[in-house]
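Peer 1: Let me begin by handing over the structure; questions about it come next.
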Amino acid sequence: MVVLDPAHGGTDTGARGSGGIRESEVLLNFSTQVRKALESTGIRVVETRQGNDNPSFDDRSAIANGQRGAVFITLHISSTGPPSTVRVYIFAPPYELGVATPAASPATNDRNGLLSWDRAQIPFLPLSQHLAELTQIQLTHRFRGSPGTHLAAAVRQLRNVAAPAIAIELSSVSVEDRATLFEMAPNLAEGVARAVTSFRSYYDAAPSIPSSSGGN
């Protein structure tokens, strides 16, 4: 199952362009098209929101965490960047970015031996990296000027996900006409569907990962 997360929503509009484009609104269109492309391959899809609401980070990640064999993909639109380009991210623990010391790294479990909720993504990073690589290859092929490799950042939506998880960020809300953004949707949907289909056999063959979180 793929959990599709159109970021933001409700009072959180996300990035806003000078032409009135709101990230949270545009993402619903992208999520719908990606969902249809995935479902056409036989993959079950659940969206974290289908309207102008704003589930919490924990509510979004819990949808994936409650399923066996799930994949989590969060969609974003940046406020800057070359128009019609796409970047794929995996979660980078803060200590790797110099925000925390190694002593506070996610290798430290709680006293029950379980990895804490806000470190749930750590055991899945190798799988997330493989999914990100496949996805970035597909999207770079379709969107000229996009990076050749995926990136890593402390993406909040990914931190609590106990499943392979990536963030996809398109550029950008700064375009004058939202039609320029909407033109990206079919190629985005096709690229994601191909990447997830390729990842599926790899994921099925991967060793099972024990539960890494004590709950939310």
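Only the coordinates and a few stated rules stand behind these numbers; no lab work does. Here the structure is a predicted model, which means the values were calculated and not measured. Because the Cβ atoms are built from the backbone with ideal geometry, glycine has one as well, and the counts that use them run over all protein chains shown.
Peer 1: Is the C-alpha gyration tensor of segment 118-216 telling us rounded, prolate or oblate? Criteria: a/c under 1.5 is rounded; beyond that, a/b larger than b/c is prolate, otherwise oblate.
Peer 2: prolate
Peer 1: Pull up all non-local amide H partners of F72: gap of 5 or more, or a different chain, and H-to-H distance under 5 Å with H placed in the peptide plane.
Peer 2: V3, A165, I166
Peer 1: Something else: What is the set of long-range amide H partners of A152 at a cut-off below 5 Å, with H atoms built 1.01 Å from backbone N?
Peer 2: I90
Peer 1: If each DSSP helix of 4+ residues adds -39,500 (n - 2.57) and the sum is divided by the residues in the chain, what number results at 222 nm, nearest 500 deg cm²/dmol?
Peer 2: Rounded to the nearest 500, the figure is -10500 deg cm²/dmol.
Peer 1: Something else now. Counting Lys and Arg as +1 and Asp and Glu as -1, what is the net charge of the other residues whose Cβ lies under 12 Å from the Cβ of L38?
Peer 2: +2
Peer 1: Tally Lys/Arg at +1 and Asp/Glu at -1 over every other residue whose Cβ is under 10 Å from the Cβ of T48; what's the total?
Peer 2: Result for the neighbourhood of T48: -2.
Peer 1: What residues have an amide H closer than 5 Å to that of E47, excluding those fewer than 5 places away on the same chain, when H is modeled at 1.01 Å from N in the peptide plane?
Peer 2: The list, which skips near neighbours in sequence, is L4.
Peer 1: May I ask you to evaluate 6.51 cos²θ - 1.76 cosθ + 1.60, the Karplus curve with θ = phi - 60°, for each residue of segment 35-48 and list the ³J(HN,Hα) values in order in whole Hz, giving x for glycine and proline?
Peer 2: 4, 4, 5, 5, 5, 5, 9, x, 8, 6, 10, 10, 9, 6
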